[in-house]
Structures are given as C-alpha cells and as structure tokens.
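The values are calculated or read from the model by the stated rules, or taken from the named source; none is laboratory data. Not measured: the values here are computed from a predicted model. A quick note on method: Cβ atoms are made from the backbone with ideal geometry, for glycine too, and the neighbour counts reach across all protein chains shown.
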Amino acid sequence: MKRGKKGAGHLEMITAFVLFFTFVVFLLIYIKPYKIGTLQGSVVAGLHDSFEEQTETELVRFFLQSYDPAEGTPDPCVKNSLDQSWFQYDLTNSLVKGVNGLEKDSFFDEALSELQIGSIDRYYYVMVSSVFDESDVIVGCDLMLPELGDIDEKKIISHKKLMKMHDAYYGIEGSYADLKEEMNFPEAYDFSIVSDLITMEGVVPEEGDIVAEDFIEEVLFSEDGRIINERFTLKVW
C-alpha cells in the first residue's frame with residue numbers, strides 16, 4: 001500500500017510539472033509579454049533619447065539694446081561686450097536680426113567675448129548656436145556696453161543635424177549600421193523616424209510586432225533662425 005501511494009504522488013508531481021511547463025510555453029509563444037509590453041517599448045524610449053542626442057544643438061536667444069541715443073550714435077557699426085558668465089552655454093556663432101526682422105551681418109569674437117554687428121540700429125534680436133554659419137570679422141566698430149532682455153537658453157533639434165542623420169540612414173554619408181552603433185541602438189531591431197520635414201524609413205514588415213510613438217519637438221533652421229514645432233513618429237520592429 002505504501003508503494004502505491006508513493007507512486008501516485010510521483011505521478012501527480014510529474015503531471016503538475018508538465019501542465020506548468022505547457023502554461024509557461026503558451027505565455028512565451030502566444031502572449032509574448034517579454035516583447036511587446038516591455039522590451040520594444042523601452043527600445044522606443046531609448047531611440048527617442050538617442051535621436052535627441054544626435055540632432056540637438058544649444059541655442060541662446062535674447063533681445064539687445066546696443067546703445068543709448070543720449071550718448072551719441074556709433075558709426076559705422078557696433079560691437080557689444082557680453083560677459084560669458086551671464087550665460088549657461090558657450091557663445092559661438094551668431095545670427096542677428098533688427099526689429100524689422102531683417103538679418104544683420106554679425107560676428108561673435110569668442111576671445112574678446114564681443115558681438116560685432118554691421119549696422120547702427122539700437123535694438124536687435126540675437127540668436128547664438130554652433131549650427132549657424134561662421135561669419136567674417138567686422139572691423140572699425142565702436143565698443144558698447146549693451147542692455148540685455150531675458151536670456152532664453154535651451155537645447156533644440158537642428159534641421160542641419162537632422163539632414164546629416166538622414167544621409168547616414170540612407171548611406172549617403174556613412175551607413176545605417178554605423179548610425180545604429182553610434183546611437184547605441186540594439187542590433188536585433190530596426191527603426192524609422194518620419195515627419196513632414198524628413199523621412200527615414202526602411203522596409204517596415206507587414207507582419208510582426210511594430211511599436212510606434214509620436215513626439216513633438218522644436219526644430220531650428222540655421223539658415224534664417226526660424227523655429228517650428230514638428231511631430232516625429234518613431235517606429236521600432
């Protein structure tokens with residue numbers, strides 16, 4: 001009798017193990033909680049972070065009163081002394097506009113921390129970023145101690161860097177494989193980034209698991225300082 005009970009106990013244990021193993025296999029193959037719910041979602045989040053790191057630039061913006069008319073009008077241009085300690089980001093290339101929105105010749109002398117402007121307007125809108133084209137030195141300007149409005153400093157997507165990423169994605173300059181490695185993107189996955197401005201999209205499979213998420217980003221155009229809001233759709237499969 002004891003042997004019969006012992007054999008029945010072993011049979012129950014084996015049956016329970018088989019049922020448990022079958023249940024686990026069912027979860028992994030059909031429900032795939034490890035892939036859709038967590039893994040690909042985290043890959044999309046990582047892709048967004050890498051996308052920003054690859055395409056962002058530092059931007060500084062402020063309004064500037066160059067001189068006080070009571071002290072006389074400078075001629076033929078002005079240079080404005082700017083203390084680097086006023087700013088969080090390093091000052092580099094400049095883009096300057098008058099109150100009428102027209103661009104003015106400008107040059108930022110990093111060694112002297114002086115912003116040279118090739119006009120004698122009193123007020124200016126100043127933008128500083130490394131993605132702006134480097135300009136020529138403006139000579140013969142009167143030195144001013146300007147007054148600045150509120151300083152706005154932030155990171156923003158650069159259209160110029162966005163186009164560089166596009167060229168790497170399609171192998172025009174660099175390669176897709178190198179871009180994935182640069183972005184620390186998992187080799188086992190592929191990605192696409194699509195907006196009205198730009199399309200980086202390979203062959204998306206018709207079947208299988210595809211995770212997509214939209215992000216709104218500000219985009220800076222270095223040729224004229226224009227800034228727009230743009231929706232980017234990031235996909236991972």
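Side notes on the structure shown:
- Given (1) loosely packed, with under 13 Cβ neighbours inside 10 Å; (2) more than 16 Å from the chain's Cα centre (by Cα), number of the condition Ile216 does not satisfy: (2)
- Glu173 exposed (fewer than 15 other Cβ atoms within 10 Å of the Cβ), outside the structural domain of Val126 (by TED's automatic domain parsing) and more than 30 Å from Phe62 (Cα to Cα): yes
- Tyr89 fulfils the conditions (1) surrounded by 17 or more Cβ atoms within 10 Å (Cβ to Cβ); (2) among the hydroxyl-bearing types (Ser, Thr, Tyr); (3) under 13 Å from Phe63 (Cα atoms) except for a single criterion, (3).
- Which listed residue is over 30 Å from Val137 (Cβ atoms), at pLDDT 60 or above, aliphatic (A, V, I, L, M) and surrounded by fewer than 12 Cβ atoms within 10 Å (Cβ to Cβ), from Leu19, Leu47, Leu39: Leu19
- Residue ranges of strands (runs of 3 or more DSSP E) in the stretch 87-142 with at least 1 members touching a strand residue (DSSP E or B) at 6+ places or on another chain (Cβ under 8 Å), free of Cβ contacts under 8 Å to residues at least 60 places away in the same chain and of a type in the set (Gly, Ala, Ser): 94-97, 106-109
- For Leu162: the one exception among (1) over 29 Å from Tyr125 (Cβ atoms); (2) hydrophobic (A, V, I, L, M, F, W, C); (3) surrounded by 13 or more Cβ atoms within 10 Å (Cβ to Cβ): (1)
- Subset of the stretch 165-185 [within 15 Å of Thr55 (Cα to Cα) and not hydrophobic (A, V, I, L, M, F, W, C)]: His166, Asp167, Tyr169, Lys180, Glu182, Asn184
- Whether a residue is crowded, with 18+ Cβ neighbours inside 10 Å and in contact (Cβ under 8 Å) with a residue 40 or more places away in the chain was assessed, and Val78 passes this test.
- The residues listed here are Ile117, Ile156, Ile227; of these, the one that is of a type in the set (A, V, I, L, M, F, W, C), over 22 Å from Ser50 (Cβ atoms) and crowded, with 17+ Cβ neighbours inside 10 Å is Ile117.
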